[in-house]
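Chemist: My questions all concern the structure below.
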Amino acid sequence: IAALQGRFRRFAQLPGCLYLTAEVDGAPRGCLWFQNGPTRRTEHAGELGLLVARDWRRQGIGAALLRALFDWAEATRWIEIVGLTVLASNAAAIALYQRFGFVETGRVRGAARFDEGGLTDNILMSRAMKGTLDAD
């Protein structure tokens, strides 16, 4: 997590980008980054990434980071859709995202390779921030 901080701090200077760090006792335990689309036609939507240190998972850090992102997106009038990609094998993360209103919008078969050589799918998920997506 600490290695990502410098990289994303520069990135967070852009108007449709955000970088958050969750710290416990002064040490980074999780981070979230968001980047919206670069053009007028895509600036309303963006992708988030979320990382929580293994020993700190299931302690509310990911939820707190997501709430902070949603607060920022609500205040940033043009952000309407938040998307993400998650490994299909990561049931805990999928459950967290579903609790926060994300729905599966697609799947990329075999998109990620484990160190052991096996493949897993990437699940694409999104959440409307301002009621812009039709309910299917």
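The values are calculated or read from the model by the stated rules, or taken from the named source; none is laboratory data. Keep in mind that this is a model prediction, so the values were computed, not measured. We place every Cβ from the backbone using ideal geometry, glycine too, and count neighbours over all the protein chains shown. These area figures cover heavy atoms from the full protein model, side chains too; ligands, DNA and RNA do not enter into them. Shrake-Rupley method; radii C 1.70, N 1.55, O 1.52, S 1.80 Å.
Chemist: Which whole-number percentage describes the relative contact order of the chain, with Cα contacts under 8 Å and a sequence gap of 6 or more?
Modeler: It comes to 18 percent, rounded to a whole number.
Chemist: Using every alpha carbon pair in the stretch 49-127, what percent of pairs falls into each 10 Å bin from 0 up to the bin containing the largest distance?
Modeler: Calculated P(r), rounded to whole percents: 17, 45, 31, 7, 0.
Chemist: What residues of the stretch 60-99 lie in the reach of a label at V108, counting those whose backbone N is under 16 Å from a point 7 Å from the Cα along Cα→Cβ?
Modeler: Hits in the stretch 60-99 for V108 at 16 Å: 83-90.
Chemist: In Å², and per residue, what accessible area does the stretch 49-136 have when probed at 1.4 Å with the other protein chains present?
Modeler: 61 Å²
Chemist: Once the piece of chain linking D121 and A68 is laid out straight, how much longer is it, given 0.36 nm per residue of separation minus the C-alpha distance between them?
Modeler: Contour length minus the Cα-Cα distance gives 16.3 nm.
Chemist: I'd like to compare 113-119, 36-42, 91-97, 16-22: which one has the highest average count of other Cβ atoms within 10 Å, and what's the full order after that?
Modeler: Top to bottom by mean Cβ count within 10 Å: 16-22, 91-97, 36-42, 113-119.
Chemist: Once you list every other residue whose beta carbon is under 15 Å from the beta carbon of N36, what net charge do they have if Lys and Arg are +1 and Asp and Glu are -1?
Modeler: Once positives and negatives cancel, what remains is +1.
Chemist: Okay, helix-only estimate at 222 nm for the chain: each DSSP H run of n ≥ 4 adds -39500 (n - 2.57), divide by all residues, round to 500 deg cm²/dmol; what do you get?
Modeler: -7500 deg cm²/dmol
Chemist: In addition: Per residue, how much space in cubic angstrom lies within the convex hull of the C-alpha atoms of the chain?
Modeler: 132 Å³
Chemist: Considering only protein heavy atoms and a 1.4 Å probe, what is the carbon-and-sulfur percentage of the accessible area of the chain?
Modeler: Here carbon and sulfur together make up 49 percent of the probe-accessible area.
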